[in-house]
Structures are given as structure tokens and as C-alpha cells.
Amino acid sequence: MYRRAMFDTVRDRLTEPRKFIQVLAGPRQVGKTTLITQLLETLDLPHAYASADGAERPIWIEQQWQAARVRLAESPRKEFLLVLDEIQKVNGWTDAVKRLWDEDTREKRALKLVILGSSPLLIRSGLNESLGGRFELIRCTHWSFAEMRDAFGFDTDRYLFFGGYPGTAGLTGDEKRWRGYVRESLIETTISKDVLLMNRIDKPALLRTLFLLGARYSGRILSYTKMQGQLQDAGNIVTLAHYLELLDGAGMLAGLEKYAGEEVRRRGSSPKLQVYNNALFTAVRDDGFAEVRREPERWGRIVESGVGAFLLNEAVSRGLKLLYWRDGGGEVDFVLMKGDRIVAIEVKSGASRERPAGLEKFVAGTTGKKVKPYLVGSGGIALDEFFSMDVESLF
């Protein structure tokens with residue numbers, strides 16, 4: 001059983017008396033449907049599963065719900081579980097779910113509900129607008145190194161290059177085929193179905209090229225002005241920042257903010273671009289695994305992006321803040337925050353064992369804060385150990 005912790009969380013909540021709508025939200029191809037299918041096979045609970053593929057009107061939700069009510073009335077258990085997958089494809093889904101859930105609450109029907117959705121941004125905004133106080137959100141992030149290792153035998157190098165998409169594990173022996181699948185079935189499908197169709201985008205070509213630029217620069221700081229210089233018809237900075245937020249919401253590409261004592265300074269900083277899954281970084285390039293592994297500088301970029309992707313997913317799932325820091329000649333690759341506690345992380349893939357000067361400068365400049373500096377990679381915490389850690393133990 002893979003993704004055991006998430007599996008146990010969902011199972012435990014569904015075995016409780018009816019309390020909240022359970023919402024399992026995350027990017028495409030991270031195993032949401034597989035997880036819920038495995039769970040249904042183990043639950044001693046009458047249930048029904050339906051996917052909204054091809055459904056656009058709220059009447060579809062009502063049809064599934066009414067059928068579940070009939071089966072609930074006939075069940076000797078007097079409780080029933082309804083699972084609705086790809087819910088974001090139904091226009092106005094939140095209003096329909098709210099009305100039907102509230103009806104069952106008033107009538108004291110023990111109809112439990114699990115909702116699955118591919119776009120975290122869409123799911124989150126819809127929930128907050130209409131279903132406040134009625135749901136619990138379970139974030140389904142990209143697969144970790146430990147999960148890819150246990151399920152498919154990945155070592156650290158293969159995980160760094162091929163990333164954490166379980167559906168691509170069997171394609172890694174044919175890199176051309178693997179790269180085509182990631183580009184067409186993952187990247188393009190997510191952009192066209194989870195971003196462009198669900199949001200008003202005036203410049204769809206710009207959004208696509210922004211993603212490609214951001215993926216190639218993953219792990220690097222790039223100002224919006226420099227982005228404008230590399231993109232045709234780039235529009236203004238506000239447009240680029242908005243499109244980057246949409247890509248972030250789809251679980252593809254984030255723009256990490258700079259750590260600063262003042263929130264205004266932080267939000268006005270140049271973003272550090274970071275993919276959520278390292279496959280999105282390597283698949284948009286034509287470099288082969290063996291070729292890149294032989295070149296320390298290029299491999300170092302993959303390592304830093306891979307560490308960032310790991311931290312980004314951990315931050316999202318645990319409610320932490322992930323930033324970076326730069327001041328003059330000093331730089332810290334990643335700054336992880338939990339309340340007033342701070343973890344400063346420098347990634348190093350070379351042979352030197354000296355602690356980078358950026359860490360020293362950052363610690364010295366954050367007086368009054370609880371800061372713990374770490375070196376990850378060469379001379380510090382080994383990558384395989386770091387990728388298997390509970391990041392909250394770093395605090």
C-alpha cells in the first residue's frame with residue numbers, strides 16, 4: 001500500500017460519524033483516484049463512485065446524490081458514502097453541494113461525501129466561497145522520494161532527474177517517450193484543462209511560455225523585468241505575477257518570495273522560480289540523464305531544484321512558508337518558516353565541505369529569531385537521508 005499516511009488519514013475520517021465533507025485535492029497524476037479506489041475496496045461501508053468527466057451542469061451532482069440517498073434508505077447500515085471525482089469540471093458545483101449537504105444535515109441523513117479535484121486553486125477558492133465550515137481539506141501532493149523508491153525502486157539520482165510522477169516510472173528506460181508523455185499528457189493537459197479552461201486568460205500563449213521559462217529556470221531567482229525581456233508579448237508585471245499564481249495553484253510552478261523583515265519588501269521581491277516536481281524541470285529540456293549526470297554544474301542545478309521541489313510539497317502539505325534569502329553577496333537557497341522558527345537551507349552538490357558564507361551572514365543578520373542552519377548534499381545531510389526526513393524535525 002503506497003501513500004500509506006494519506007490512505008490512513010482518509011480512512012480514519014470516513015470511519016467517524018458524519019461530520020464534514022472530505023476534499024482530496026491536488027495536481028494531476030499524483031494518485032488521488034487510485035488512492036480512493038483502494039480505500040473503497042477496504043471499507044466495510046456501502047458506497048458509490050462517480051466521475052464528472054463529460055459532466056458540466058449541476059444536475060449531474062443532484063442525480064448522483066439522489067441515487068445515493070435511495071441506497072442509503074435501503075441500507076441496513078443507515079450510512080452511505082458518495083465519492084465525486086473531477087468535481088471541478090461541473091459549473092457551479094459548490095452551490096449544488098452546499099444545498100444538498102445542508103438538506104441532509106437538516107434531515108439527519110448519514111450520507112458521507114468525498115470530493116476529488118485536480119486543480120488545488122479551483123477547489124480551494126470554491127470551497128472557501130461556498131462551503132466554509134463544512135469541509136476538511138486533504139492535500140494530495142506530488143510523490144516523494146521515499147514513495148518512488150518503495151514503489152518503483154528509484155534511487156536518489158533517478159528521482160532527481162525523473163521526478164515523482166508514478167505514471168511515468170515505467171517509461172524512464174525510453175527517455176524520448178518519457179519526455180513526450182510528461183510534456184503532452186501532464187504539462188499540456190494541466191495547462192489546457194486546469195488553468196486555461198477554468199480561468200479567464202487573455203494571453204494563453206504567454207502563460208504557456210511563462211511556464212516553460214520558469215521550468216527551465218527552476219531553482220533560480222529571476223526578476224519580472226528579466227522575464228519580460230525573454231518572453232514575446234509579455235504584457236506587464238501584474239499579468240506575469242497573476243499567471244505565475246495560476247501555475248502555482250495548479251501545482252506546477254511557484255515563485256518563492258524573498259525572506260525579509262517587512263512584508264512589503266518580501267512581496268515586492270524578484271521570485272525564485274521552483275517547479276513542484278523535478279520532472280517538469282528536466283522534461284522541458286533535451287538533456288539525457290547520463291549526459292547531465294557527468295557534468296557537475298548542470299547536475300548541481302537539478303539537485304537544487306529537486307531539493308526545492310521536496311521542500312515546496314512539504315510546505316504546502318504542512319502549512320509552512322517556503323522562501324529564499326539574498327542580500328548583497330550572500331544567499332540562502334531556501335528559508336523554511338514555522339511561526340517564529342526558521343530553518344535556513346543551503347544546497348551543495350560539489351566537493352567542498354565548507355559551510356557557505358550565505359548561511360553565516362543570514363544567521364548573523366536574524367538576531368532575535370530562532371534560526372537553524374543546514375547544509376544539504378556534499379558535506380552535509382546526504383540527499384537520500386534528507387528526502388526521507390520529516391521536515392518539521394528540522395525545527
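For first residues located in the stretch 355-375 and under 12 Å from TRP325 (Cβ atoms), partners that are in a helix (DSSP H, G or I) and lie 6+ apart or on another chain with Cβ distances below 7 Å form the pairs VAL371/VAL363; PRO373/LEU359; PRO373/VAL363.
Scanning the stretch 271-322 for residues that are touching a strand residue (DSSP E or B) at 6+ places or on another chain (Cβ under 9 Å), in a helix (DSSP H, G or I), hydrophobic (A, V, I, L, M, F, W, C) and within 22 Å of VAL335 (Cα to Cα) turns up PHE281, VAL303, VAL307, ALA309, LEU311, LEU312, ALA315, VAL316. Counting only helices (runs of 4 or more DSSP H) that sit wholly inside the stretch 161-233, those with at least 3 residues that are without any contact (Cβ under 8 Å) to a residue 60 or more places away in the chain and farther than 28 Å from ARG149 by Cα are 204-216, 224-230. Scanning the stretch 1-51 for residues that are assigned to a loop (DSSP other than H, G, I, E, B) and surrounded by 21 or more Cβ atoms within 10 Å (Cβ to Cβ) turns up ARG3, GLY26, PRO27, GLN29, VAL30, GLY31. Please find, within the stretch 58-80, the residue that is nearest to the chain's Cα centre (by Cα) out of those that are under 23 Å from THR94 (Cα atoms) and assigned to a loop (DSSP other than H, G, I, E, B). This residue is PRO58.
Every residue, every condition in (1) within 20 Å of the chain's Cα centre (by Cα); (2) at pLDDT 95 or above, yes or no:
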position: GLY133; (1), (2): no, no
position: GLU147; (1), (2): yes, no
position: PHE161; (1), (2): yes, yes
position: GLY167; (1), (2): yes, no
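The listed residues are LEU121, LEU127, LEU137, and the only one of them that is outside any helix (DSSP H, G or I), surrounded by 16 or more Cβ atoms within 10 Å (Cβ to Cβ) and at pLDDT below 95 turns out to be LEU137. Just one residue in the set VAL97, VAL182, VAL90 is assigned by TED's automatic domain parsing to the domain that holds SER349 and among the hydrophobic types (A, V, I, L, M, F, W, C); that residue is VAL182. Quick check: is even one residue across the stretch 340-350 assigned by TED's automatic domain parsing to the domain that holds ALA215, modelled with pLDDT under 95, surrounded by 15 or more Cβ atoms within 10 Å (Cβ to Cβ) and not in a strand (DSSP E or B)? Yes, the conditions are met somewhere in the stretch 340-350. No other residue among GLY153, GLY164 is on the phi > 0 side of the Ramachandran plot and assigned by TED's automatic domain parsing to the domain that holds ARG298 apart from GLY153.
Do you know which residues across the stretch 194-216 are of a type in the set (Val, Ile, Thr) and farther than 12 Å from THR239 by Cβ? Once the filter is applied, which keeps residues that are of a type in the set (Val, Ile, Thr) and farther than 12 Å from THR239 by Cβ, the stretch 194-216 yields VAL195, THR209. For the stretch 235-245, the criterion of a residue being outside any helix (DSSP H, G or I) and either outside the structural domain of GLN29 (by TED's automatic domain parsing) or out of contact with any His (no Cβ under 7 Å at 6 or more places or on another chain) (or both) is satisfied by at least one position. Could you tell me whether ALA96 is touching a helix residue (DSSP H, G or I) at 6+ places or on another chain (Cβ under 8 Å), part of a helix (DSSP H, G or I) and small (Gly, Ala, Ser)? Yes, satisfied.
The values are calculated or read from the model by the stated rules, or taken from the named source; none is laboratory data. This one's a predicted model, so the numbers in the text were calculated from it and none came from an experiment. No Cβ is skipped: glycine too gets one built from the backbone with ideal geometry, and neighbour counts run over all protein chains shown.
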